[in-house]
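A.B. asks: Take a look at this one; I'll ask things after.
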Amino acid sequence: MDFVNPPLLAAAALVFVSVLAGLYSARIGFSFLLVFLLAGILAGEDGPGGYPFEDIRLSFWVGNLALAIILLDGGLRTAFATFRTGLKPASVLATVGVLICAALTGLAGMLFLGLDWGTAMLLGAIVGSTDAAAVFALLTRSGVTLNERVAATLEIESGVNDPMAVYLTLAFITLLAPAQAAAGGSSAWATMAWSFVQQFGWGALAGVMGGLAMAELLKRVAARDAGGGILALMIGAAGLALFAATGLVGGSGFLAVYLFGLIVANRAAQAVAPTLAAMDGYAWLAQAGMFLLLGLLVTPSDLLDSLLPALGVALALIFVARPLTVWLCLWPFRFDPRETWYIAWVGLRGAVPIVLALFPLLAGTPQAELLFNVAFVVVLVSLLTQGTTIGLMARRLGVAMPEAGDEREQRAVFRDFELDPGLPLALVCDFYNLPAPAEAQRSVADWLAAELRRPPVAGDSVALGPATLVVRELQDGRIVRVGLGLPE
């Protein structure tokens, strides 16, 4: 058993120490995921552990497996109501937004690293998407509850933007391949177009059909008093099988497994509810294993030569590319400026860029090692800056909802008085001596919804002369409680 016990002891001890350190560091706002990553680095070749690890294929395999589990868990926790709230803006961010962010980051790569346009665009594609593992985990542990519009947009964006990032990464690797470069790349563009159709078409079809079938199966199996742990294992296995099968036919397994989880959770809610605790454990195990392994793969001494240019790329991504992308993509959806700034700030980069940076290494793309090192620096900077300030920025920008027992914050957000949402607005204006707007004959709820010109969420407010009307509660998308704030 000597070949089993030493590596098992080392791996288990590393996970145990990382989790323990993460629990304490989380109290001061230090990212849990960053602890796992740093633990892997310390155990690696340049750290006290001194363990040399260079198995790119194993890291790639584990990374994809872990991301599939994380996306499945995220889909299982996304309600259809939330999905409807954030679907349109998140879809734009997850497609057009990834493309814009990749292009702007590519320009930074040309400026700071001196890369040619193709390699620079490949770098932009690698780091252009937000990371589901980081977003799901850090939003959960941030200690704040975001308003539904912001939370839904961030969660759905991170869950469905990986296919676009994978597509762009593979597309630019294809363009940079020596055979394609020699042929002028004409056939590569046709391959890219067909790949786009395959990735998103097969991914969406497989996710929807697999989710519907699994939901029906769960309803039958759950009636046999199967435990939550067994059902969680079955859902996890089915999701991973779907992920792999979709990839075999050229589709996006990432898109498929997220949609699979979403449909299963919303069509078989009673059967899924007992499995969520077990699924949460699977997701955390996946995150821990993935970040530890990726930390082991990195050799910090190799980062020194490109550290300053890589920092330039990271800062350009965080403070220029991501904010500009978010403002451009969300402008048609009439988000509050504070919401837009917060979504721009929570553009977390995590394991996905590092996993995508393994693609060029496996393909033998020129400057692949440089791209991997830069991607790692980008992730490290993102987790250190954005990952540790999620809760703080939510409170500073006013996108956090008040706690149920905090009366002072409740009154600050929802105001002091409550109105009947069915009252004609004209009566309210007459009673409180407020200026009557156009269409004052409409009910308070209908007028408020029309003025917002976007799907309302709790906490939305509209000025009515010197007063303020606030959405307090919704049911099935309709405003059922309205708060009124009067000038002091």
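A.B. asks: Could you work out the Kirkwood radius for the stretch 227-334, taking every pair of different alpha carbons, averaging 1/r and inverting it, reported in Å?
C.D. replies: Numbers: mean 1/r = 0.0565 Å⁻¹.
Across the stretch 227-334, the inverse of the average 1/r is 17.7 Å.
A.B. asks: 7 Å from Cα along Cα→Cβ at both residue 117 and residue 276: what's the point-to-point distance in nm?
C.D. replies: It is 4.9 nm.
A.B. asks: How many angstrom separate the Cα center of the stretch 378-439 from the Cα center of the stretch 298-370?
C.D. replies: A separation of 31 Å, based on Cα centres.
A.B. asks: Rounded to a whole number, what % of the accessible area of the chain do carbon and sulfur atoms account for, probe 1.4 Å?
C.D. replies: 64
A.B. asks: Given H placed 1.01 Å from N in the peptide plane, which residues other than close sequence neighbours of residue 142 have an amide H under 5 Å from its amide H?
C.D. replies: none
A.B. asks: Which parts of the stretch 305-327 would a label at residue 46 reach, counting a residue when its backbone N lies under 15 Å from a point 7 Å out along Cα-to-Cβ?
C.D. replies: Label zone hits: 305-311.
A.B. asks: Consider all pairwise Cα distances in the chain and report the whole-number % of them above 31 Å.
C.D. replies: Result: 48 percent of Cα pairs exceed 31 Å.
A.B. asks: Check residue 115: other-chain or 5+ apart residues with amide H under 5 Å from its amide H, H built from backbone geometry?
C.D. replies: Distant-sequence amide H within range of residue 115: 110.
A.B. asks: If you take the alpha carbon radius of gyration of the stretch 307-441 and divide it by 2.2 N^0.38 Å, what ratio comes out, to two decimals?
C.D. replies: 1.62
A.B. asks: A further question on this structure: If you stretched the chain out fully between residue 404 and residue 244, how much longer would it get, using 0.36 nm times the residue separation minus the C-alpha to C-alpha distance? Spell out each step's value before the answer.
C.D. replies: Numbers: separation 160, 0.36 × 160 = 57.60 nm, distance 4.29 nm.
Using 0.36 nm per residue and subtracting the Cα-Cα distance, I get 53.3 nm.
A.B. asks: Just to check I understand the Karplus step: with θ = phi - 60° and J = 6.51 cos²θ - 1.76 cosθ + 1.60, what whole-Hz values come out for the stretch 399-416, glycine and proline as x?
C.D. replies: Once rounded to whole Hz, the list reads 9, 8, 7, x, 5, 4, x, 8, 4, 4, 5, 4, 5, 5, 8, 9, 6, 7.
A.B. asks: With θ taken as phi - 60° and the coefficients 6.51, -1.76 and 1.60, list the Karplus ³J(HN,Hα) couplings across the stretch 193-203 in order, rounded to whole Hz; mark glycine and proline as x.
C.D. replies: 5, 5, 4, 4, 4, 5, 4, 7, x, 5, x
A.B. asks: Ok, one more. At R0 = 25 Å, how high is the FRET efficiency between residue 197 and residue 61 if r is their beta carbon distance? Nearest 0.05 is fine.
C.D. replies: 0.40
A.B. asks: R0 = 35 Å: FRET efficiency of residue 431 with residue 96, Cβ-based, nearest 0.05?
C.D. replies: 0.15
A.B. asks: Using 1/(1 + (r/R0)^6) with R0 = 56 angstrom and r between the beta carbons of residue 362 and residue 442, what's the FRET efficiency to the nearest 0.05?
C.D. replies: That pair, residue 362 with residue 442, gives E of 0.40.
A.B. asks: Which of 138, 330, 465 sits closest to the plus end of the dipole of the chain, meaning its Cα is farthest towards the positive end, when Lys and Arg get +1 and Asp and Glu get -1 on the C-beta?
C.D. replies: 465
A.B. asks: Still on this structure, I have one more. Rounded to the nearest whole Å², what accessible area per residue is found for the chain with the 1.4 Å probe? The partial results should precede the final answer.
C.D. replies: On the way: 21790 Å² over 488 residues.
For the chain, the per-residue accessible area is 45 Å².
A.B. asks: Normalised by the residues of the chain, what does the relative contact order come to in percent, with Cα pairs under 8 Å and at least six apart?
C.D. replies: After rounding, I find 21 percent.
A.B. asks: Hey, could you get me the Stokes-Einstein D for the stretch 344-387, Kirkwood radius over alpha-carbon pairs, 4 °C and 1.567 mPa s, rounded to whole µm² s⁻¹? All intermediate terms of the calculation are to be shown ahead of the outcome.
C.D. replies: On the way: Rh = 10.8 Å.
Roughly 120 µm²/s, to the nearest whole number.
The values are calculated or read from the model by the stated rules, or taken from the named source; none is laboratory data. Everything numeric here is computed off the predicted structure, so don't read it as measured data. Glycine gets a Cβ as well: all are built from the backbone with ideal geometry, and neighbour counts include every protein chain shown. Remember, those area values only see protein heavy atoms, side chains included, never the ligands or the DNA or RNA. Shrake-Rupley method; radii C 1.70, N 1.55, O 1.52, S 1.80 Å.
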